[in-house]
1. Any residue at all in the range 73-83 that's out of contact with any Ser or Thr (no Cβ under 9 Å at 6 or more places or on another chain), without any contact (Cβ under 8 Å) to a residue 12 or more places away in the chain and assigned to a helix (DSSP H, G or I)?
2. Can we say ARG22 is surrounded by 11 or more Cβ atoms within 10 Å (Cβ to Cβ), basic (Lys, Arg), within 30 Å of GLU130 (Cα to Cα) and modelled with pLDDT under 70?
3. Of everything in the range 135-147 that's open to solvent by 50 Å² or more (accessible area, probe 1.4 Å) and over 17 Å from TYR168 (Cα atoms), which residue is modelled with the highest pLDDT?
4. Could you look through the range 114-134, keep only residues that are part of a loop (DSSP other than H, G, I, E, B) and modelled with pLDDT under 75, and pick out the one that is surrounded by the most Cβ atoms within 10 Å (Cβ to Cβ)?
5. Testing ASP206 on (1) modelled with pLDDT under 95; (2) more than 26 Å from the chain's Cα centre (by Cα); (3) charged (D, E, K, R), one condition comes back false. Which one is that?
6. Just name the residue that is modelled with the highest pLDDT out of those in the range 96-113 that are polar (S, T, N, Q) and surrounded by 10 or more Cβ atoms within 10 Å (Cβ to Cβ).
7. For the range 150-222, give me every one of the strands (runs of 3 or more DSSP E) that falls completely inside it and has 2 or more residues that are among the hydroxyl-bearing types (Ser, Thr, Tyr).
Amino acid sequence: MSTQGDQAADPELLRNRAGTARERDPAEPLEELDLEEAIARNVRMQRQQQGLSVGEMAEKVGISKAMLSKIENAQTSCSLSTLARLATGLDVPVTSLFRGADSERPASYVAQGTGARIVRAGTKEGHEYELLGSLRGEHKRLECLLVTLSEKSETYPLFQHPGTEFIYVLEGSMDYSHSRSVYRLGPGDSLQLDGEGRHGPVALVDLPIRFLSVIAFPEVAL
């Protein structure tokens with residue numbers, strides 16, 4: 001187990017909230033990179049990866065060597081046209097130059113045993129669903145469930161839903177149907193499926209059964 005002393009001895013292991021490692025005094029607060037610092041870091045990294053000197057890169061992009069040096073040292077703010085030139089010269093998307101300066105991104109944390117119990121179509125048949133997380137990204141919604149089947153559980157008419165589902169079995173075994181196929185799933189087995197195909201447990205072989213179900217719902221048309 002690492003200690004606070006260990007962290008002080010290894011400041012390179014500290015990360016800011018944007019997930020980008022920085023050289024810093026361990027006593028400094030872990031703040032996000034600001035925009036200029038993020039652009040500076042990404043431009044410098046991309047240039048070095050392509051084996052270009054500051055002068056070579058400046059000539060390729062069409063800006064002065066002094067300007068590029070200022071950009072790489074976060075001493076100036078880039079105009080949109082300069083950012084476009086840099087991205088074209090480096091052959092990368094403009095958005096990649098902002099990496100590390102993103103605002104706080106959402107995450108869903110659920111402590112052991114505290115997931116909300118939710119009602120689904122199979123609840124009446126003894127299927128228990130514990131919500132481990134539900135996160136709506138820019139285009140998709142991701143839902144994570146811990147499903148428990150016990151002695152009081154029964155097989156249920158098969159499900160259909162939009163999106164893609166991933167199943168990982170933690171305990172017990174079952175025969176799981178999808179479309180025209182049936183799979184015997186036991187601990188450590190996984191199944192990824194198209195949710196539009198009818199699917200669900202058709203035989204509860206070894207109870208209790210616990211499995212993770214992760215569903216990525218498609219983009220919702222506005």
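The values are calculated or read from the model by the stated rules, or taken from the named source; none is laboratory data. Bear in mind that the values here come from a model prediction, so they are computed numbers and not experimental data. Because the Cβ atoms are built from the backbone with ideal geometry, glycine has one as well, and the counts that use them run over all protein chains shown. Protein only, heavy atoms only, side chains kept; ligands, DNA and RNA dropped before computing areas. Shrake-Rupley method; radii C 1.70, N 1.55, O 1.52, S 1.80 Å.
1. Yes: the range 73-83 contains one or more residues that are out of contact with any Ser or Thr (no Cβ under 9 Å at 6 or more places or on another chain), without any contact (Cβ under 8 Å) to a residue 12 or more places away in the chain and assigned to a helix (DSSP H, G or I).
2. On the way: surrounded by 11 or more Cβ atoms within 10 Å (Cβ to Cβ): yes; basic (Lys, Arg): yes; within 30 Å of GLU130 (Cα to Cα): no; modelled with pLDDT under 70: yes.
So ARG22 fails the test.
3. As a first pass, look at the range 135-147 and keep what is open to solvent by 50 Å² or more (accessible area, probe 1.4 Å): 135-136, 138-142.
With over 17 Å from TYR168 (Cα atoms) added as a condition, the list becomes 135-136, 138-141.
Details: LEU135: 64, ARG136: 65, GLU138: 54, HIS139: 49, LYS140: 63, ARG141: 79.
Restricting to residues being open to solvent by 50 Å² or more (accessible area, probe 1.4 Å) and over 17 Å from TYR168 (Cα atoms), the top hit is ARG141.
4. Of the range 114-134, the ones part of a loop (DSSP other than H, G, I, E, B) are 114-115, 119-122, 126.
Remaining after also requiring modelled with pLDDT under 75: 119-122.
Working: VAL119: 8, ARG120: 14, ALA121: 11, GLY122: 20.
Ranking the candidates gives GLY122 first.
5. The one condition ASP206 does not meet is (1).
6. Kept after step one, since they are polar (S, T, N, Q), are these residues of the range 96-113: 96, 103, 108, 112.
Next, from what is left, pick out any that are surrounded by 10 or more Cβ atoms within 10 Å (Cβ to Cβ): 96, 108.
Working: SER96: 82, SER108: 65.
So, considering only residues that are polar (S, T, N, Q) and surrounded by 10 or more Cβ atoms within 10 Å (Cβ to Cβ), the one modelled with the highest pLDDT is SER96.
7. Numbers: elements: 164-178, 181-185, 190-194, 199-217.
By residue number, 164-178, 181-185.
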